[in-house]
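> Handing you this structure, nothing more for now.
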Amino acid sequence: MFHYPLVKLVRCYSNKLDKPLRDKIIKLYKPLRFTPRFAHSSIDQKIWHHQKLSVIIEFEKSILTSQTIVMDHLLSAHSKCSVRNRFSSIFCYSADVTPDRLHELLSVLPSIKKVYLNRKIVALPKSNVYTKSSVSFKHLPQHVTGKGVTIAIVDTGVSKHDDLKGRISGFVDFISHRTQAYDDNGHGTHCAGIAAGNGRHSNGEYRGVAPEANIIGVKVLDHKGTGTIETIIQGIEWCITYNQNNPNQPIHVISISLGIHATKYQSELDDPIVKIVEEAWRAGITVVTAAGNSGPDPFTISSPGISEQIITVGALDSPFYRGHEEMNTASFSSRGPTIYGKPKPDLLAPGVDLVSLRVPGSSIDRSQKNHRVGKHYTRMSGTSMSTPYCAGVCALLLQSNKLLAPDTIKNLLIEGATTSHLASIGQINIENSLHLLKRKEV
């Protein structure tokens with residue numbers, strides 16, 4: 001089998017192909033197990049020249065324009081190959097390639113640093129956690145509301161719910177390329193409500209953390225709650241570019257309630273999703289993401305939550321309705337350390353049975369009818385819900401001072417967090433963090 005071209009490709013360029021892509025390429029030979037040996041050669045050639053692979057191609061930062069022209073020429077000459085998107089902030093391209101064209105690219109373009117499989121990525125709700133109680137945000141401070149702060153919800157979209165009326169200040173769709181705000185899954189709107197719903201249809205009972213903050217919907221996941229590494233990078237880079245074009249009305253916080261099983265590279269900085277979220281962080285946007293729902297085992301933090309820079313949030317089994325004085329980490333919440341041995345998550349926030357905005361007719365609404373709370377709300381659990389909670393808290397801090405750097409906000413949240421023997425990670429304490437901010441500003 002080692003004489004087969006796909007095997008040679010993987011062996012020759014193993015240092016430049018990430019493991020998921022190497023595995024994918026080798027699995028292309030699976031049909032050979034069920035065909036006579038005399039047919040292997042023709043099938044092998046068909047795979048080599050015609051099997052399409054969706055990839056992310058990363059170049060060295062010193063890339064020459066001439067090399068990208070060569071790449072465009074090589075791919076455009078093949079009917080099954082093409083360059084889809086260029087991500088200038090992280091020196092990457094998304095493309096469809098056949099194995100033979102991939103081999104040629106790697107052989108003639110030494111500036112290619114790494115080629116990643118464009119894997120699927122999913123929203124992170126935990127639908128099987130359900131009780132008769134729900135979290136209320138009435139305990140949150142009334143004097144700060146997130147007014148003037150903008151939160152981008154990078155998710156399945158955002159629907160025009162009355163509790164967000166007049167505050168959806170932007171929308172972009174990388175799935176169906178529609179221009180009007182919508183959410184055919186329901187997950188993104190639920191997250192938006194946790195961050196910034198005003199509770200209009202519940203007399204404030206189910207208001208979000210920052211009920212006067214603005215929301216921008218960035219749709220990177222489809223009606224099933226599924227996207228790809230490419231769509232996530234598109235969404236985050238769009239936010240970076242948006243701020244460059246709108247310096248007076250920027251996105252202040254990005255909330256990312258999605259994740260993918262973390263692949264081990266030499267460093268988490270080699271992960272393409274980590275690259276883009278850290279680029280947003282360096283651009284001055286506070287990025288908050290979910291830890292994942294693969295607990296209680298250790299080493300289960302999802303990407304991009306493995307990033308050391310951004311804020312990674314685990315789920316709290318909230319005591320607000322259970323009568324406990326101490327808070328416990330939700331059983332499903334992913335635990336650290338990361339696969340690189342780094343401590344994560346950074347914080348815990350309520351993530352069990354949070355009632356927020358419902359999108360009638362959406363995929364989640366149809367599949368989880370028993371989670372509905374009246375006509376306008378529904379109940380969900382997961383680190384997906386903890387993430388916009390934290391994003392809303394960031395908006396409250398930014399309302400006081402919009403010049404706060406992401407590192408400063410992260411430090412305020414961690415320093416202000418409360419701990420208990422039930423949860424070793426600090427739990428967000430809004431009042432403490434706001435008090436710390438005022439004290440530092442005096």
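> Out of all DSSP beta bridges with both ends in the chain, state the antiparallel percent to the nearest 5.
55
> Taking the Cα-to-Cβ direction at Lys375 and at Asn411 and moving 7 Å from each Cα, how far apart do the two end points lie in nm?
The answer from the label model is 5.0 nm.
> Continuing with this model, one more query. May I ask you to compute the full-extension gain from His49 to Arg178, defined as 0.36 nm times their residue separation minus their alpha-carbon distance, rounded to one decimal in nm? Spell out each step's value before the answer.
Working: separation 129, 0.36 × 129 = 46.44 nm, distance 3.45 nm.
Stretched fully, the His49-Arg178 segment lengthens by 43.0 nm.
> List every residue whose amide H lies under 5 Å from the amide H of Thr338, counting only residues 5 or more places away in sequence or on a different chain, with H placed 1.01 Å from N in the peptide plane.
Hits under the 5 Å cutoff: Lys344.
> Hey, what's segment 395-442 come to in accessible area per residue, 1.4 Å probe, Å²?
Working: 2510 Å² over 48 residues.
Per-residue accessible area for segment 395-442 comes out at 52 Å².
> Return the subset of Lys165/Lys344; Lys61/Lys264; Lys165/Lys440; Lys275/Lys375; Lys147/Lys264 for which the Cα-Cα distance in this structure is over 32 Å, preserving the input order.
Lys165/Lys344; Lys165/Lys440; Lys275/Lys375; Lys147/Lys264, as the Cα separations exceed 32 Å there.
> Something else about it: Residue separation times 0.36 nm, minus the C-alpha to C-alpha distance between Asp23 and Leu403: what's the value? Write down the numbers at each step before the final one.
Working: separation 380, 0.36 × 380 = 136.80 nm, distance 4.53 nm.
Extra length from Asp23 to Leu403 when fully extended: 132.3 nm.
> So, counting K/R as plus one and D/E as minus one, what does the shell of residues with Cβ under 13 Å around Leu17 add up to? Intermediate results must be reported in sequence, preceding the final value.
Working: positive: Lys8, Arg11, Lys16, Lys19, Arg22, Lys24, Lys113, Lys114; negative: Asp18, Asp23, Glu58, Asp270.
So the surrounding residues net to +4.
> Describe numerically, in nm with one decimal, the distance between label points set 7 Å from Cα along Cα→Cβ at Val70 and at Asn246.
4.0
> Moving on. Write down the accessible area per residue of segment 241-291 in Å², having rolled a 1.4 Å probe over the full set of protein chains.
Numbers: 1930 Å² over 51 residues.
I get 38 Å² per residue for this part.
> Local charge sum around Ala213 (other residues, Cβ-Cβ under 14 Å, Lys/Arg +1, Asp/Glu -1)?
Working: positive: Lys147, Lys165, Arg167, Arg207, Lys402; negative: Asp163, Glu212.
Charge balance near Ala213 sits at +3.
> A further question follows. Efficiency by 1/(1 + (r/R0)^6): what FRET value for Lys113 and His435, r their Cβ-Cβ distance, R0 = 56 Å, to the nearest 0.05?
Values: r = 46 Å, r/R0 = 0.81.
Plugging the Cβ-Cβ distance into 1/(1 + (r/R0)^6) gives 0.75.
> List the aspartates and glutamates whose Cα sits under 13 Å from the Cα of Lys224, skipping any in the same chain fewer than 8 residues away.
Excluding near neighbours in sequence, the set is Asp155, Asp183, Asp184, Asp365.
> Where is the GNM fluctuation largest for the chain (alpha-carbon springs, 10 angstrom cutoff): Pro247, Pro337, Pro298?
Top of the fluctuation ranking is Pro247.
> Helix 40-50 against the longest principal axis of the chain: what's the angle in degrees, Cα atoms only, rounded to the nearest 10?
So the inclination is approximately 60 degrees.
> At what distance in nm do the modelled label points of Arg86 and Lys342 sit from each other, each positioned 7 Å from its Cα along Cα→Cβ?
Each label point lies 7 Å from its Cα, and together they span 3.0 nm.
> Right, next: Of all the accessible heavy-atom surface of the chain, with the other protein chains kept in place and a 1.4 Å probe, what percent is carbon and sulfur?
Working: 9260 of 18460 Å².
Taking all protein chains in place, the chain shows 50 percent carbon and sulfur surface.
> Which cross-chain or sequence-distant (5 or more) residues have an amide H under 5 Å from the amide H of Leu316, H modelled 1.01 Å from N in plane?
Placed amide hydrogens put Ala330, Ala349, Gly351, Val352 under 5 Å from Leu316.
The values are calculated or read from the model by the stated rules, or taken from the named source; none is laboratory data. These numbers come from a predicted model, not from an experiment. Neighbour counts are summed over all protein chains in view; Cβ atoms, including those assigned to glycine, are modelled from backbone coordinates with ideal geometry. Side chains included, ligands, DNA and RNA excluded: accessible areas come from the protein's heavy atoms. Shrake-Rupley method; radii C 1.70, N 1.55, O 1.52, S 1.80 Å.
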